[in-house]
Amino acid sequence: MSHGSLKAVVTAVVGNGIVTTAKFIGFFFSGSSALLAEAVHSLADTMNQALLWLGIVRSGRQADSEHQLGYGQERYFWNLVSAVTIFFVGCAYTISHAVEQLKHGHTPEISLLAFVIIGIAFIVEGYSFFVAMIEFRRQAKEAGATFWQYFRETRDPTTLAVLVEDSAAMLGLTFALLGMLLSAYTGSAVFDGIAAILIGILMGCLAFYLASSNRKFLLNHSDDGLNRSAKAVWTAMPTVQNVHHVRSVVLSPEKSLLVAEVELREEALFANMTPEEVQHAVRFMDRLNNIRRELEYKASPNQTNQVANNDLIYIEFVLPEVNIQAEKE
């Protein structure tokens, strides 16, 4: 588990919790749709980041008999759940409420208190954004990637989610501030309502982005960097003839599973062997291949000849210890 990711999430949860309470108080006194939209936005972010926290904790559990490759993908699952939460709690409710307010011609009573709360929210959420940005840049530097490369390719959804959400929060606050200022200046609720709708649309876009970025890791996404690196290193080795079928699956931000078929050079295998020893070695390898095929066949519940097309079976042979005592003349 990344301590920096956890720090970014905890900072965001605490900050958004404070800001959510303040925004709801501001809405209670002003009736501003934009301020309500921002309160719901912050509430959705708080719930989301609490789910991110839960994902970090649960993904750190050790592998067991039911989950033999560990629980790393829990982080992606809870990020996906949080995206759905943002969409329904934030986007859908905010837009429907703003439309109703516009239909009934409700005019908010925007006072100085509402603008003070927006200002406090800018400070708190700006600090949360600052912490997430520092952690994200640190992770990018450790990965040897530029900021935008890491933004596109990162396997850690947690810090990225906090960074994106805080960026959206700052933009949402800007919409709310402009809508409230125009409504206070003109006395029309239209600008306040439009700002609320824009914040709702912003949350919908955020939810779609978070859902799509986590969905791929729940669908056996390959670790392309690991594939390229392994194939390049193995191909350059003098003992390797060719590398076939390099496959990988991302299990967590820190771990991937790699399976490959590597063809070795004959001269590397049979160097310094007599013709008789080579024949023995060839017979030995043929026997291993027969055993491997039999194991693959028996491993399938259907026991068909199409096992390789349906199941990715990895078998590691552990050879028995053979003690050969030379005969003494």
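Highest average first, the peptides 78-90, 30-42, 223-235 ordered by how many other beta carbon atoms sit within 10 Å of their residues are 30-42, 78-90, 223-235. With the charge dipole of the chain set up from +1 on Lys and Arg Cβ and -1 on Asp and Glu Cβ about the Cα centre, the Cα lying farthest toward the positive end among the listed residues Phe217, Val246, Val233 is that of Phe217.
The convex hull around the C-alpha trace of region 4-81, projected and averaged over every direction, spans 5.8 square nanometres.
What value, in deg cm²/dmol to 500, does the helix sum -39500 (n - 2.57) over DSSP H runs of n ≥ 4 give at 222 nm once divided by the residues of the chain?
-22500 deg cm²/dmol
Distances between every pair of Cα atoms in the chain, grouped in 10 Å steps from 0 to the bin holding the largest one, split as 5, 20, 22, 17, 13, 9, 7, 4, 2, 1, 0, 0 percent.
If I fit a long axis through the Cα atoms of helix 190-215 and take the longest principal axis of the Cα atoms of the chain, what angle between them do I get, 0 to 90°, rounded to 10? Approximately 10 degrees, to the nearest 10.
For region 56-61, 3J(HN,Hα) computed residue by residue from phi via the Karplus equation (6.51, -1.76, 1.60; θ = phi - 60°) reads 4, 5, 5, 6, x, 5 Hz, glycine and proline entered as x.
Give the peptides 198-207, 238-247, 133-142 in descending order of average Cβ contacts within 10 Å, highest first.
Going by the mean number of other Cβ atoms within 10 Å, highest first, we get 198-207, 133-142, 238-247.
Could you tell me which of rounded, prolate or oblate describes region 63-160, using a ≥ b ≥ c as the square roots of the eigenvalues of the alpha-carbon gyration tensor, with rounded for a/c under 1.5 and, failing that, prolate when a/b is larger than b/c and oblate otherwise? Oblate shape, in that a/c is at least 1.5 and b/c is the bigger or equal ratio.
Placing +1 on the Cβ of every Lys and Arg and -1 on the Cβ of every Asp and Glu, with no other charges, gives the chain a dipole of roughly 700 debye about its Cα centre.
For the chain, the carbon plus sulfur part of the accessible surface works out to 61%, probe radius 1.4 Å.
For region 57-145, the dipole from Cβ point charges (+1 on Lys and Arg, -1 on Asp and Glu) about the Cα centre works out to 220 debye, to the nearest 20. Computed over the chain with a Gaussian network model linking Cα atoms closer than 10 Å, the most mobile of Ala196, Ala236, Ala168 is Ala236.
Using a 1.4 angstrom probe, figure out how much accessible area region 223-282 has per residue, in square angstrom, rounded to the nearest whole.
67 Å²
Projecting the Cα atoms of Gln68, Val162, Gly17 onto the dipole axis of the chain, where Lys and Arg carry +1 and Asp and Glu carry -1 at the beta carbon, places Gly17 farthest toward the positive end.
Using Cα atoms only, what is the angle between the long axis of helix 3-30 and the major principal axis of the chain, expressed in degrees (0 to 90) to the nearest 10? For helix 3-30, the angle is close to 20 degrees. Residue pairs exceeding 26 angstrom between C-alpha atoms, taken from Lys23/Lys141; Lys231/Lys255; Lys7/Lys141; Lys7/Lys255: Lys23/Lys141. Scaling the Cα radius of gyration of region 135-273 by the globular reference 2.2 N^0.38 Å produces a ratio of 1.72. In order along region 229-245, the Karplus-derived 3J(HN,Hα) couplings, from 6.51 cos²θ - 1.76 cosθ + 1.60 at θ = phi - 60°, round to 5, 4, 5, 5, 5, 5, 4, 6, 6, x, 8, 9, 7, 7, 10, 10, 6 Hz, and Gly and Pro are given as x.
A 1.4 Å probe run over the protein chains yields, for region 73-145, 53 Å² of accessible area per residue, whole-number rounding. In the chain, a dipole from Cβ-located charges (positive for Lys and Arg, negative for Asp and Glu) runs towards its positive end, and of Asn289, Tyr93, Ala260 it is Tyr93 whose Cα lies farthest in that direction.
Under 5 Å between amide hydrogens, built in the peptide plane, is the criterion, and for Val246 it picks out Glu261 among residues at least 5 positions away or on other chains. Summing Cβ point charges (Lys, Arg +1; Asp, Glu -1) relative to the Cα centre of region 93-206 gives a dipole of roughly 240 debye.
Full extension of the chain between Met170 and Tyr209 gives 12.3 nm of extra length, using 0.36 nm per residue less the Cα-Cα distance. Peptides 209-221, 271-283 ranked from most to least packed by the mean count of surrounding Cβ atoms within 10 Å: 209-221, 271-283.
The values are calculated or read from the model by the stated rules, or taken from the named source; none is laboratory data. All of these numbers come straight from a predicted model, not from anything done at the bench. With ideal geometry, Cβ positions are generated from the backbone for all residues, glycine too; neighbour counts draw on all protein chains shown. Surface areas here come from the heavy atoms of the whole protein model, side chains and all, with no ligands, DNA or RNA. Shrake-Rupley method; radii C 1.70, N 1.55, O 1.52, S 1.80 Å.
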